[in-house]
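The values are calculated or read from the model by the stated rules, or taken from the named source; none is laboratory data. Here the structure is a predicted model, which is why all the values come from computation and not from measurement. Virtual Cβ from ideal backbone geometry, glycine too; neighbours counted across all protein chains shown.
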């Protein structure tokens, strides 16, 4: 088969918005701020008098518009009303992460530069390579305004590590999510399975049994359904690669052509070839298909869990469903999301920016943001504020329990483009019906393209 991947992938880069799953912004959240130091900062701390912060303006670029922007702006308003320093935050909206990256990149060398951006970690690395990002290490360690070791340890390591660059800290985690396998536990039990799949072979067996059950029923329209509803998001592709012990990096270089990645892509393509996985039509809603028992497994972002629950309610389906990591050598769950990136400015403006960041990430604010977005709580201590939410959202609670299985995305600025290429390439592999015994050729081309994009 003659493959034309390179051209189509590069074309996709021009047409595809560079955005991760874009969660909604958090609601207004009052929080008791830290006591304002009344003494001159200690010699070991930041040498900035508190009075110099009064009336400073902090411009924050965020990736939301419409109702999502309104929610974030209401939180900004709360900080502006309640902070004791007289700091005023101004929110500057964008349509998505891609537009934010372009607009902020254009503004950074000018007087219109924002003080802070809510951006993807790969964006921070690109801005840092141009010298614009402020290292947050001194702020975290400051005796007056910083965080204790226990406060830092309050963040799961997989959230915290994403924004580290050696002994420097380029950003703080702001929102974290993941893409999960969703499994219909009730239907699986009827098919003879009393536990979720723990290996790829278990996954295949359950998916194929679901397909067989639909083929055997009296409804011919569903004969090609069942099993896994194929999802071609880049994070799904990365999760399957990691589940087989692979990934996209070898050291700091992209490496797609490995035995583990060949096994992963061969596995998912063979699932489709054998009818145990199916590609949805353009108008197919995966959540509705899952609630209608047209798929035993689907893949969904954590932010979609509430919508899944609504889909089951609309369908009148009382089945129990669960959130799973991708089964493999060890459970795979790539974690992603936005971070708070501070830009270099005056010492006073940077401290004002830091105080707003600190306020946003308090356990109380984090808990309220979690209830609005449905995403992971960033801090372990936030769970004490989420007891009722946890009880009423069992699948979200299952997802939180899987945080220790989470893995990092590539800590490279070029991931901004390579991630798009990975998703587009994974989709094309299914779209063109690539034979499962030819995936190695496909991975060679993806590796070559990824290295071109990282130059």
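Out of the residues in the range 89-111 that are without any contact (Cβ under 8 Å) to a residue 24 or more places away in the chain and not in a helix (DSSP H, G or I), which is farthest from residue 126 (Cα to Cα)? Out of the qualifying residues, it is 111. Residue 388 - would you say it is over 17 Å from the mean Cα position of the chain (by Cα), in the same structural domain as residue 236 (by TED's automatic domain parsing) and in a helix (DSSP H, G or I)? No.
Residues checked against (1) in contact with a helix residue (DSSP H, G or I) (Cβ under 6 Å, 6 or more places away or on another chain); (2) surrounded by fewer than 23 Cβ atoms within 10 Å (Cβ to Cβ); (3) part of a helix (DSSP H, G or I); (4) outside the structural domain of residue 46 (by TED's automatic domain parsing):
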site: 307; (1), (2), (3), (4): yes, yes, yes, yes
site: 311; (1), (2), (3), (4): yes, yes, yes, yes
site: 314; (1), (2), (3), (4): no, yes, yes, yes
site: 368; (1), (2), (3), (4): no, yes, yes, no
site: 383; (1), (2), (3), (4): no, yes, yes, no
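Among the residues making up the range 47-57, a single one is crowded, with 19+ Cβ neighbours inside 10 Å and in contact with a strand residue (DSSP E or B) (Cβ under 8 Å, 6 or more places away or on another chain): 56. Candidates are the residues of the range 409-449 that are touching a strand residue (DSSP E or B) at 6+ places or on another chain (Cβ under 7 Å) and within 27 Å of residue 277 (Cα to Cα); the one that is surrounded by the most Cβ atoms within 10 Å (Cβ to Cβ) is 418.
A single member of 373, 353, 449 is touching a residue at least 12 places away in the same chain (Cβ under 8 Å) and within 23 Å of the chain's Cα centre (by Cα), and it is 373.
Report yes if some residue within the range 171-180 is on the phi < 0 side of the Ramachandran plot and over 17 Å from the mean Cα position of the chain (by Cα); otherwise report no. Taking every residue of the range 171-180 in turn, none turns out to be on the phi < 0 side of the Ramachandran plot and over 17 Å from the mean Cα position of the chain (by Cα).
The helices (runs of 4 or more DSSP H) falling completely within the range 116-219 that include 3 or more residues that are in contact with a strand residue (DSSP E or B) (Cβ under 6 Å, 6 or more places away or on another chain), under 22 Å from residue 415 (Cα atoms) and in contact (Cβ under 8 Å) with a residue 40 or more places away in the chain map to 121-129. Take residue 262 and decide whether it is part of a helix (DSSP H, G or I) and within 24 Å of the chain's Cα centre (by Cα). So residue 262 does not fit the description; no. Against the numbered list (1) under 26 Å from the mean Cα position of the chain (by Cα); (2) surrounded by fewer than 22 Cβ atoms within 10 Å (Cβ to Cβ); (3) within 23 Å of residue 433 (Cα to Cα), residue 209 comes up short only at (1). Among the residues of the range 281-299, are any part of a loop (DSSP other than H, G, I, E, B) and in contact with a strand residue (DSSP E or B) (Cβ under 6 Å, 6 or more places away or on another chain)? The answer is yes; a qualifying residue exists. Has the range 244-258 got any residue that is part of a helix (DSSP H, G or I), in contact (Cβ under 8 Å) with a residue 24 or more places away in the chain and crowded, with 18+ Cβ neighbours inside 10 Å? There is no residue in the range 244-258 that is part of a helix (DSSP H, G or I), in contact (Cβ under 8 Å) with a residue 24 or more places away in the chain and crowded, with 18+ Cβ neighbours inside 10 Å.
So for the range 318-336 (the condition being under 30 Å from residue 50 (Cα atoms), modelled with pLDDT of 95 or more and surrounded by 22 or more Cβ atoms within 10 Å (Cβ to Cβ)), does at least one residue qualify? No - not one qualifying residue is present in the range 318-336. For the range 58-84, filtering for residues that are touching a helix residue (DSSP H, G or I) at 6+ places or on another chain (Cβ under 8 Å) and either modelled with pLDDT of 95 or more or buried (at least 20 other Cβ atoms within 10 Å of the Cβ) (or both) leaves 9.
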